[in-house]
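Colleague: Could you have a look at this structure, given as structure tokens, before my questions?
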Amino acid sequence: MSRVSGSPCAVSLRADRWLCAAALLGLAFGCVEQADEKPTKEDEDFVKRNLLASDPTPHYATHADLDGKVEYLGLDVTPNPAEPGKDVHLTHYWKVKASLADGWRLFTHVGGPNKQGFINVDHGPVSGKYPVAHWKKGDIIRDEHSFRLPPGWAFTSFNVYVGLWRGHERMAIKSGPKDEDRVLAATVPVQSKEPVTLKRYLVRKTSKPIKLDGKLDEPAWKTAPSTGMFVNTMTGEAAQPNTEAKLLWDNQNLYFGFENADTDVWGTLTARDSKLWTQEMDEVMIDANGDGKGYIELQVAPNGTIFDTYLPTYRKYEDSLDSKRKPYDWNSKLKAAVKVDGTLNKREDKDKGWTVEMALPLAT
């Protein structure tokens, strides 16, 4: 991820669900695991080769107890130390102590210190061939997978977290190293490289308010610098479709302008606070006081629909802390306009792109 920041606030920008330009906090709210399919003979043989006859001796021995049902024995990591921009191979070891109810799935997270630099490395156990629903009492499971540490990784180590989840719950950790409801599997050193200089963006002040029409044609927009093209947050490489942004401010508002090169412009959700991240959208996250915890999240879809919410602490929406609140019920005074160069929701033709203007009151 690249970071853009300036006066008076630091911001992060994301285009579409998968492509992020920058994030002050790494976010991932869903976990994935391969759906059940009838295994082939080759799949069954592969699984058997990864069911061990005795307990291994992993480099990072954890022996964490998950609700008396599963024991996370530990983890091997190669190379160790890891190197930014290179693949890291993880080998997990699980021991099944009791039968598991239906619905449990595996998650794996990677993160830097103080919950910075979140990376979701979820995968199906044993290359997706042995889902948790198939685990049997007495199994000792070897589960291998790899991920690429971002080339701009700015920390001297990373943490690996694992656990089991089902619906809105995670399996309780009775003993062993943990971070809330995740097993802390390991803290892996990272080979030091030359310090990475984080990108900064100086937000220029405009003497005249911006007219919100989605065109980005005022003189202030013409002279405002671009953030540069957004990048893939996992690799640092150029992201597709091409998206860039500009920022301005006056005494009342902070302005955002997005330019998206997009051959298929679409968005069908119309109610405020719909899950716009499941379709096309541009997104801004603002940590106004810079504490790395609370922040606001703003999204605008190509049809002009707005999503906005406030997270008072890391990965926690307001309703998760106060049961009386409804999901995403915090509303900003954000105003937005969209201009589509093409035909919205006509999937069979070829569009050129779309632009978004947002005006966020500084009071918000």
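The values are calculated or read from the model by the stated rules, or taken from the named source; none is laboratory data. Fair warning: this is a prediction, and the values are worked out from it, not measured in the lab. Every residue, glycine as well, gets a Cβ built from its backbone with ideal geometry; the counts of neighbours run over all protein chains shown. Heads up: the accessible areas ignore ligands, DNA and RNA and are worked out on the full protein's heavy atoms, side chains in. Shrake-Rupley method; radii C 1.70, N 1.55, O 1.52, S 1.80 Å.
Colleague: Here is a list of conditions, (1) surrounded by 19 or more Cβ atoms within 10 Å (Cβ to Cβ); (2) over 20 Å from residue 171 (Cβ atoms), and residue 81 meets all of them except one; can you say which number that is?
Modeller: (1)
Colleague: Now a separate question. From the list 76, 55, exactly one residue is acidic (Asp, Glu) and not in a strand (DSSP E or B). Which is it? Steps first, please.
Modeller: On the way: 76 fails: not in a strand (DSSP E or B).
Answer to the selection: 55.
Colleague: Return the only residue of 352, 324, 333 being without any contact (Cβ under 8 Å) to a residue 12 or more places away in the chain, open to solvent by 80 Å² or more (accessible area, probe 1.4 Å) and over 25 Å from the mean Cα position of the chain (by Cα).
Modeller: Working: 352 fails: without any contact (Cβ under 8 Å) to a residue 12 or more places away in the chain; 333 fails: without any contact (Cβ under 8 Å) to a residue 12 or more places away in the chain.
Just one listed residue meets the conditions, 324.
Colleague: Sticking with this one: Mind listing whichever residues of the range 287-310 are buried (at least 21 other Cβ atoms within 10 Å of the Cβ) and either aliphatic (A, V, I, L, M) or on the phi > 0 side of the Ramachandran plot (or both)?
Modeller: 298, 300, 301
Colleague: Next question. Looking at (1) at pLDDT below 85; (2) open to solvent by less than 60 Å² (accessible area, probe 1.4 Å); (3) over 28 Å from residue 159 (Cβ atoms), find the lone condition where residue 45 falls short.
Modeller: Condition (1) is where residue 45 drops out.
Colleague: Every residue in the range 214-248 that is in a loop (DSSP other than H, G, I, E, B), acidic (Asp, Glu) and open to solvent by less than 100 Å² (accessible area, probe 1.4 Å), please.
Modeller: Taking the range 214-248 as the starting set, the residues that turn out to be in a loop (DSSP other than H, G, I, E, B) are 214-218, 224-230, 232-237, 239-242.
Checking the rest, the ones that are also acidic (Asp, Glu) come to 217-218, 237.
Matches in the range 214-248: 217, 218.
Colleague: Moving on to the next point. Can you pull out every residue in the range 187-213 that is in a loop (DSSP other than H, G, I, E, B), touching a Ser or Thr at 6+ places or on another chain (Cβ under 6 Å) and modelled with pLDDT of 95 or more?
Modeller: The answer is none; no residue qualifies.
Colleague: A follow-up question, please. Please find, within the range 136-157, the residue that is farthest from the chain's Cα centre (by Cα) out of those that are closer than 24 Å to residue 238 by Cα and in a strand (DSSP E or B). First the steps, then the outcome.
Modeller: Filtering the range 136-157 for residues closer than 24 Å to residue 238 by Cα gives 146-155.
Those still in the list that are in a strand (DSSP E or B) too: 146-148.
Values: 146: 18, 147: 15, 148: 15 Å.
Top of the filtered list is 146.
Colleague: Of 42, 83, 71, which residue is among the acidic types (Asp, Glu) and either in contact with a Cys (Cβ under 9 Å, 6 or more places away or on another chain) or closer than 18 Å to residue 181 by Cα (or both)? Step through it out loud before you land on a result.
Modeller: Working: 42 fails: either in contact with a Cys (Cβ under 9 Å, 6 or more places away or on another chain) or closer than 18 Å to residue 181 by Cα (or both); 83 fails: either in contact with a Cys (Cβ under 9 Å, 6 or more places away or on another chain) or closer than 18 Å to residue 181 by Cα (or both).
Selected residue: 71, the only one of 42, 83, 71 that is among the acidic types (Asp, Glu) and either in contact with a Cys (Cβ under 9 Å, 6 or more places away or on another chain) or closer than 18 Å to residue 181 by Cα (or both).
Colleague: If I ask for residues that are open to solvent by 10 Å² or more (accessible area, probe 1.4 Å) and either of a type in the set (D, E, K, R) or under 16 Å from residue 345 (Cα atoms) (or both), which ones from the range 272-286 would you list?
Modeller: Within the range 272-286, 272, 273, 275, 278, 279, 280 qualify.
Colleague: Turning to a different aspect of this structure: Say whether the condition of being open to solvent by 30 Å² or more (accessible area, probe 1.4 Å), more than 30 Å from residue 236 (Cα to Cα) and at pLDDT 95 or above is met by at least one residue in the range 87-97.
Modeller: First, pick out the residues of the range 87-97 that are open to solvent by 30 Å² or more (accessible area, probe 1.4 Å): 87, 89, 95, 97.
Subsequent filtering for residues that are more than 30 Å from residue 236 (Cα to Cα) retains 95, 97.
Cutting the leftovers down to at pLDDT 95 or above gives us 95, 97.
For the range 87-97, residues open to solvent by 30 Å² or more (accessible area, probe 1.4 Å), more than 30 Å from residue 236 (Cα to Cα) and at pLDDT 95 or above: present.
Colleague: Does residue 184 satisfy the criteria of being open to solvent by 20 Å² or more (accessible area, probe 1.4 Å), hydrophobic (A, V, I, L, M, F, W, C) and part of a loop (DSSP other than H, G, I, E, B)? First the steps, then the outcome.
Modeller: Working: open to solvent by 20 Å² or more (accessible area, probe 1.4 Å): yes; hydrophobic (A, V, I, L, M, F, W, C): yes; part of a loop (DSSP other than H, G, I, E, B): no.
Against the criterion (open to solvent by 20 Å² or more (accessible area, probe 1.4 Å), hydrophobic (A, V, I, L, M, F, W, C) and part of a loop (DSSP other than H, G, I, E, B)), residue 184 does not qualify.
Colleague: Hey, another quick one. Please go through the range 100-134 and pick out each residue that is open to solvent by 40 Å² or more (accessible area, probe 1.4 Å) and assigned to a strand (DSSP E or B).
Modeller: Scanning the range 100-134 gives 105, 120.
Colleague: While we're here: I need the full set of residues from the range 94-121 which are farther than 11 Å from residue 70 by Cβ and touching a Pro at 6+ places or on another chain (Cβ under 9 Å), in order please.
Modeller: At the first step, the residues of the range 94-121 found to be farther than 11 Å from residue 70 by Cβ are 101-103, 105, 107-121.
Result: 105, 117, 119.
Colleague: Continuing with the same structure: Take residue 211 and tell me if it is free of Cβ contacts under 8 Å to residues at least 12 places away in the same chain, exposed (fewer than 15 other Cβ atoms within 10 Å of the Cβ) and not aliphatic (A, V, I, L, M). Working first, answer last.
Modeller: Working: free of Cβ contacts under 8 Å to residues at least 12 places away in the same chain: yes; exposed (fewer than 15 other Cβ atoms within 10 Å of the Cβ): yes; not aliphatic (A, V, I, L, M): yes.
Here the answer is yes, as residue 211 does meet what is asked.
Colleague: Of all residues in the range 308-364, which are over 20 Å from residue 287 (Cα atoms) and in contact with a Pro (Cβ under 7 Å, 6 or more places away or on another chain)?
Modeller: Within the range 308-364, 338, 340, 344, 354 qualify.
Colleague: Scan the range 143-168 residue by residue and report those that are more than 25 Å from residue 114 (Cβ to Cβ) and open to solvent by 10 Å² or more (accessible area, probe 1.4 Å).
Modeller: 144, 145, 146, 166, 167, 168
Colleague: Can you say whether residue 222 is in contact (Cβ under 8 Å) with a residue 60 or more places away in the chain and among the basic types (Lys, Arg), as far as the supplied structure shows? It would help to see each step written out before you state the result.
Modeller: Details: in contact (Cβ under 8 Å) with a residue 60 or more places away in the chain: no; among the basic types (Lys, Arg): yes.
So residue 222 fails the test.
Colleague: Considering only the range 274-322, state which residues are part of a loop (DSSP other than H, G, I, E, B), among the small types (Gly, Ala, Ser) and farther than 27 Å from residue 241 by Cα. Steps first, answer last, please.
Modeller: Step one: of the range 274-322, the residues part of a loop (DSSP other than H, G, I, E, B) are 274-275, 279-281, 287-294, 301-305, 312, 314-315, 317, 322.
Filter once more, keeping what is among the small types (Gly, Ala, Ser): 274, 288, 290, 292, 294, 301, 304.
The answer is 288, 290, 292, 294.
Colleague: Considering only residues that are within 18 Å of residue 337 (Cα to Cα) and not acidic (Asp, Glu), which ones fall in the range 197-218? Can you show your working first?
Modeller: So in the range 197-218, the residues within 18 Å of residue 337 (Cα to Cα) come out as 208-218.
Result: 208, 209, 210, 211, 212, 214, 215, 216.
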